[in-house]
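**Student:** I have a structure I would like to understand better, so I am pasting it below and will then ask my questions one at a time.
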Amino acid sequence: LHVGRTLDERDGLPGGSPWANKTVGQFMPRMVELQKEYAHDLLTHVNRYTGNAYTDEPAVAMIEISNEDSGLVMTRRRMGIKKLAQPFQDELQRQWNAWLKNKYPANEVKYANGKAPLLNKFPKASAQFRKDFDDFLWDTELAYWKGMRDYIRETLKAKMPVSGTQAGHYSPREIQAQLDYVDSHAYFHHPRGKGAPWVNKGVTNDWTAGGESLVHTMGTLRNLEEHSHAPNLPFTVSEYSHPYPSPFVGEGQPLACAFGRQKGWDGVFQYSYNHYPDGYEPQGMPWCIFDAVANPAVLAQMPACAALMVRGDLRGSREFIWNRDRPGKEYVAVNTANSKLFVGYADGRTIELGSVRRRPAGRPSRSSRATQQASDKRGRQVSLSPRALPWATRVRRSSARRRRPCVSSTGAVRRFAPRACPARSYFPCRRRDSRATRWRRTVRVRRGSRWSPLATEAARVSAFCRSTVRFGTRPSSNKRKQLV
């Protein structure tokens, strides 16, 4: 409901608010009132095509109250309350004193009869004072989230689950766990610096980004599990990405979906598809570092990731392997009946995942290469290129016609392609685009009785993108590393 709008003097509020009213929107009465007004206007709008209000619309899956809104508790921990403008500090002071008067009886003198400064202005406070102040911030933040949730669910009669904001970095997990579900965001090696191209097309300052693989530590995903995932509640990661220019962008969704599925997560959202309404072509550096619209390393793996996460191929922790036997050469593998996954460094090891085997065979040359063996439903062996991403996803057949897995040069399986299709023609249509000197590859997936294009935007790869985002290439001649 609330992402980036900033209420100001035009709305009858004092100036000097943080961007998008983050934090202050949780305790300023006028701001809370305007948020409820917006929620009413939006959610009670009737879809003219379906005749349903958004509160009854099946297409609306879930509702989030405020995106990445740092709560009072986390703001206090980062000592950010003292940075608020004076009108907001005065309102918080008023509520703090009212909380004290309500807690302590009139005949018990505490903090000058309930008149106490904010903690940032009282550094030598006693332990009891600090505890009371933390309890006040906790109660105030919790009252905001629960009040908005009750308004949406009970007053507006919305049927979909409601979350507050992202647990962990922005709000304590224990607070968010008192709503319908818990959500969080995570980015591996998020670029740092004011010049990083989030959604702007120009770079004016220096910025940096990490260049390591997540398989070494799995730290980002482990932090989500330890600090955000609440037991016995649905959990989603509504923003996840290995953003450009990481050379390991292709491992993001497979690792997140595999790790999350075996931990009981309920959803992982790739952030994002496209920030520019007309920007379906790669724009050259810099485009938005999160966009996947022209990144086949991300989009081409979505069907296989959906097989793990949505279809439920990965059902337990026994099927998930994080091998750390060799420091710096870790890998993650998934071995299920219908999906196989390998991400990491083979380092001369033979990886056996049921019917799929990755066996190194010396120096990777055209005449002597490592091979992967996969079997179809009839038990026949199919050789896969070592350049392939090791997805071998087997799909239940709905037709009596016998088909075999058709594996691409990038390793994705084309859902039991017809027998006549060669084993490495996942991109059957490769031709020059008449409008530009770029290759256009049309990815096709079997749907019913016809072949239909899937994610053609992802397959339109410019010369820059092909020279920058290179996956499945040979190992270097020195270290012979092959990260798949």
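**Student:** Among the residues of region 55-90, write down those that are of a type in the set (Asp, Glu) and within 18 Å of the chain's Cα centre (by Cα).
**Tutor:** Correct list: Glu64, Glu68, Asp69.
**Student:** While we're here: Residues to consider are Arg363, Arg358; find the one that is modelled with pLDDT under 85, over 30 Å from Arg192 (Cβ atoms) and crowded, with 22+ Cβ neighbours inside 10 Å.
**Tutor:** So the residue among Arg363, Arg358 that is modelled with pLDDT under 85, over 30 Å from Arg192 (Cβ atoms) and crowded, with 22+ Cβ neighbours inside 10 Å is Arg358.
**Student:** Here's a check for you: in region 317-339, which residue that is more than 19 Å from Ser213 (Cα to Cα) and open to solvent by 20 Å² or more (accessible area, probe 1.4 Å) is nearest to the chain's Cα centre (by Cα)?
**Tutor:** Per the criteria, the residue is Ser317.
**Student:** Among residues belonging to region 311-342 that are among the small types (Gly, Ala, Ser) and part of a loop (DSSP other than H, G, I, E, B), point out the one that is modelled with the lowest pLDDT.
**Tutor:** Gly316
**Student:** Also, quick follow-up: Any chance region 337-349 includes a residue that's of a type in the set (A, V, I, L, M), in contact (Cβ under 8 Å) with a residue 60 or more places away in the chain and touching a helix residue (DSSP H, G or I) at 6+ places or on another chain (Cβ under 8 Å)?
**Tutor:** Within region 337-349, one or more residues are of a type in the set (A, V, I, L, M), in contact (Cβ under 8 Å) with a residue 60 or more places away in the chain and touching a helix residue (DSSP H, G or I) at 6+ places or on another chain (Cβ under 8 Å).
**Student:** In addition: Limited to region 15-27, what total is found for residues that are open to solvent by 20 Å² or more (accessible area, probe 1.4 Å), in contact (Cβ under 8 Å) with a residue 60 or more places away in the chain and either under 14 Å from Leu92 (Cα atoms) or in a helix (DSSP H, G or I) (or both)? Explain how you work it out, then say what you get.
**Tutor:** Our first condition is that a residue be open to solvent by 20 Å² or more (accessible area, probe 1.4 Å); within region 15-27, this holds for 15-19, 22.
Among the residues that remain, those that are also in contact (Cβ under 8 Å) with a residue 60 or more places away in the chain are: 15-18.
After this cut, where a residue has to be either under 14 Å from Leu92 (Cα atoms) or in a helix (DSSP H, G or I) (or both) as well, the list is 17.
Looking only at that region, the number is 1.
The values are calculated or read from the model by the stated rules, or taken from the named source; none is laboratory data. Model, not experiment: these values are computed from the prediction. Glycine also receives a Cβ, built like all others from the backbone with ideal geometry; neighbour counts cover every protein chain displayed. These area figures cover heavy atoms from the full protein model, side chains too; ligands, DNA and RNA do not enter into them. Shrake-Rupley method; radii C 1.70, N 1.55, O 1.52, S 1.80 Å.
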